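J.: Let me give you the structure first, and then I'll get to my questions.
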Amino acid sequence: RNGEHYIRNAEAGFANGQLAFSADITEAKTTDPQIRLIANLQNSDSEKAIHALFKEDSAEESLTENSEQLLSLELNSKGSLLNSHKHIGDGTLKITGKNLAKIHLLGPFSKALNELKIPIGSFGLNELQSRFYIKNETIAVHNLEINGDQTHIFGEGTYNIENNAIHFNVKMDLLKNANLSFSLLGTIGDLINPVTKLLSFKVTGTPQKQIWRSRYDPRNLFD
């Protein structure tokens, strides 16, 4: 229509999931055409979807045939059609599946015991969900929640699309979902819960190579 393009109620397969979307491509005849995108992705293969969305330059990296986690995504974004680093938008993300992640509270000792089917100090996670906001190359993640049968993790931070860097602050309550936490006492419980205060971390690095450091680590004084 007048050199602009409007897509409505489109559907496609994506990363073994189902993608529904609508898009407006405006200023199509300029050197910087703009796109407005509304998308909903359901039950895609998490590993394949993340690889396609964020790892364009690492196509040689091998992928498993089918991962155990499913990813669903809602996105509302507008910006440059030719440059994904120039977008403004927001959305929600959810990943579910067994063995999403595992916390080894005692480090290698817990990991070794877990391999011997003695789950002392090991806590599995099976669901991640968050809301996020896009501003050019920065994705601000709000209300990040990761849950397991026993453990609850809450945090917020940022992800940089350009350099793949993450900066998060997270708090961990190991037994909240098992109804054995101080948090059941409400605000008073949060104030007196020593475990949650100790299990508070700064997370940096990349999504693939995360660096977790306790907020009480003395090295933080030199950051």
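J.: Would you be able to tell me the number of residues in segment 148-160 that are part of a strand (DSSP E or B), closer than 15 Å to Leu199 by Cα and open to solvent by less than 30 Å² (accessible area, probe 1.4 Å)?
T.: So the answer is 3.
J.: Let me ask something additional. Looking at Asp24, is it open to solvent by 60 Å² or more (accessible area, probe 1.4 Å) and of a type in the set (D, E, K, R)? Spell out how you get there, then give the answer.
T.: Working: open to solvent by 60 Å² or more (accessible area, probe 1.4 Å): no; of a type in the set (D, E, K, R): yes.
No, not satisfied.
J.: Would you pick out the residues in segment 156-185 that are of a type in the set (Ser, Thr, Tyr) and either on the phi > 0 side of the Ramachandran plot or at pLDDT below 75 (or both)?
T.: Scanning segment 156-185 gives Ser181, Ser183.
The values are calculated or read from the model by the stated rules, or taken from the named source; none is laboratory data. These figures come from a predicted structure and were not determined experimentally. The protein model used for the area step is the full one, side chains on, heavy atoms only, and it has no ligands, DNA or RNA in it. Shrake-Rupley method; radii C 1.70, N 1.55, O 1.52, S 1.80 Å.
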